[in-house]
1. Residue by residue through the range 95-109, what is 3J(HN,Hα) from phi via Karplus (6.51 cos²θ - 1.76 cosθ + 1.60, θ = phi - 60°)? Round to whole Hz and write x for glycine and proline.
2. Test of understanding: ordering Thr87, Thr92 by Cβ neighbours within 10 Å, fewest first, what list do you get?
3. With 10 angstrom as the radius, rank Arg146, Arg192, Arg163 by how many other C-beta atoms surround their C-beta, starting from the fewest.
4. Which lysines does Lys116 reach when only Cα atoms under 20 Å apart count, and residues fewer than 8 places away in its own chain are ignored?
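Computed from the coordinates by the stated procedures, all read-outs in this text should not be read as laboratory data. In this text the structure is predicted, and so the values were computed from the model without any measurement. As a convention, Cβ positions derive from the backbone with ideal geometry for all residues, glycine included, and neighbour counts pool all protein chains shown.
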Amino acid sequence: MNISTLHIIFNICLGVGFVLPILSILTGWFGDFFNVDVDVDFDVDVSADAGMDGPEFGGVIPFNMMCFCLLLIVFGAFGKACARWMTSLGVTAAFLLGILAVAGFFYWLLYTLVIKKLKSSDSQALSYDDFAGRRGEVTLPVRAGRIGMISVMDSTGSYISFRAKIDPGLQDFIGDVIPRGETVLITEVNAREKFCCVSPLLDDVAARRN
């Protein structure tokens, strides 16, 4: 494996590690995708939680997407810095194992010091179903047939972003779009698909029609 090929691999790791978090911010995947945890034990039992704040699992190998992105960034960065010395197969293998160990250490550090502590507050956090009937604010316009975004305050005072769509039973009354900044009522929560149905307040609908 020549140095140029190694650089391509390291650049891909860096790109994926940086691009996925940016996409999560732009598309609202953060609550759905980056909070996926898969824990695997030695009996090869796999359990996954794609919720906002899933319970802590007892598996031996905790897998978290946010930590994995950091691992890719560290691996790519250290790999590019050390690529010039990877002149033979044995040296390359030794460097790659060492860099992977460093990246794994950063993975473990982030999971232990940040992710695990965040999960310890799960007892105070609301589940998806608890958000039904609460109010939120539209941060990305919710249009007919398209997914928008709303921001809702949870029980800890933190704001959580939800993917949202217009309540199909009220669409004829609501119209085709709920604009950014409008207060909405969460009428239904689909915990499996990770989105909610929303409706604007009746006074806001009346004001728009007038």
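1. Using θ = phi - 60°, the values come out as 5, 5, 5, x, 5, 5, 5, 5, 4, x, 5, 5, 4, 4, 4 Hz.
2. Values: Thr87 11, Thr92 18.
The most exposed by this proxy come first: Thr87, Thr92.
3. On the way: Arg146 12, Arg192 8, Arg163 20.
With the fewest neighbours first, Arg146, Arg192, Arg163 line up as Arg192, Arg146, Arg163.
4. Of all the lysines, none pass the test against Lys116 - Cα under 20 Å, at least 8 places apart if same chain.
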